[in-house]
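Since the structure comes first, as structure tokens, the remarks are kept for the end.
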Amino acid sequence: MRITRSLLILFLFTTHFALSQTTREERKAIRVEKRIKKIERRDSISRIPVKSYVSLSLVSPITPFPRINVGYTTSLNTHWSVGGSVGVGFQGLPFTSEESENYRLFEIRPEVLYFIGKGEKYTNYIGLELFYINSKETLLFDTFEPVNDLNGTVTQVSYERADYQRVKNGFLVNFGEYTRLSNKLMLRVNFGLGIRFKDNRYSDIQNPTFNRFDFEDNFFFGDTDPKRIEGFSTGVEFNMDFRLIYKLD
């Protein structure tokens, strides 16, 4: 009887120890599996910049020339990607000026990106972007500085209505990075500096009034309206953009 009891205790202890070992090994295997999946997911997310994706600009709709801009980018190899975006603006967008009519805009922006880093895990890049923008609208009750100032006697023209067109093109050297949001979504932050060529054109001006420009009133507070000065100009172009990215593969 005593031997039987001892054998039963030994059996229960051995069974408990075996079950404990099995449970410990299972927990270890689960932890290893979770760690592997986490690494795979992290690597999948980090490879988004060098794979194909579509993007949407979050800044373009709230600029002085609002538009919806969508893009597509695809990789050539582990360091290079090519792509671009197309923008369309029209009357009725939330930030369209109430002091204009018949607003419409078209833009195209091809670009080449070079990813900085080693292997497949990239978050930063430099790039070259070309751009062309053409916008038209009818402005109401405003002023502009004409190209023909009649030998300095006219520096401002006030009007009730005028057709305005802006054509701008140039290039940007961009630098940016990607922020991971999920395995499908990322945020691309972009800063660019370059050269632009702009031509402001006014036509069909109704009820114009010719004025002298008040230098003293505008000495400290310059007019920053990009539509104000008529004619062709060259200048520095700065660009900041935030793009929401959706991974395709």
Self-check item: Distance in nm between pseudo-label sites at I126 and E177 (7 Å out along the Cβ direction from Cα)
Solution: 1.7 nm
Quiz item: In whole percent, how big is the carbon plus sulfur part of the accessible area of the range 56-186, probe 1.4 Å, protein atoms only?
Solution: 61 percent
Quiz prompt | Built amide H within the under 5 Å cut-off of I195, gap 5+ | solution = F171, E237
Practice problem: Using a 1.4 Å probe and ignoring any ligands, DNA or RNA, find the accessible area of Y103 and quote it in Å² to the nearest 10. | Solution: 10 Å²
Quiz item: Could you give the nm distance between label points at N102 and Y114, where each point is 7 Å from its Cα heading toward the beta carbon?
Solution: 4.6 nm
Exercise. Just subtract the alpha-carbon distance of V32 and T224 from 0.36 nm times their residue separation and send over the number in nm, one decimal.
Key: 63.2 nm
Quiz item: Scaled to the compact-protein estimate 2.2 N^0.38 Å, what is the alpha-carbon radius of gyration of the range 67-188, rounded to two decimal places?
Solution: 1.49
Quiz item: Could you give the nm distance between label points at E25 and Q206, where each point is 7 Å from its Cα heading toward the beta carbon?
Solution: 8.8 nm
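The values are calculated or read from the model by the stated rules, or taken from the named source; none is laboratory data. These numbers were taken from a predicted model, which means no experiment stands behind them. Positions of Cβ are backbone-derived with ideal geometry, glycine not excepted, and every protein chain shown enters the neighbour counts. We work out accessible area using only protein heavy atoms, side chains counted, and drop any ligands, DNA or RNA first. Shrake-Rupley method; radii C 1.70, N 1.55, O 1.52, S 1.80 Å.
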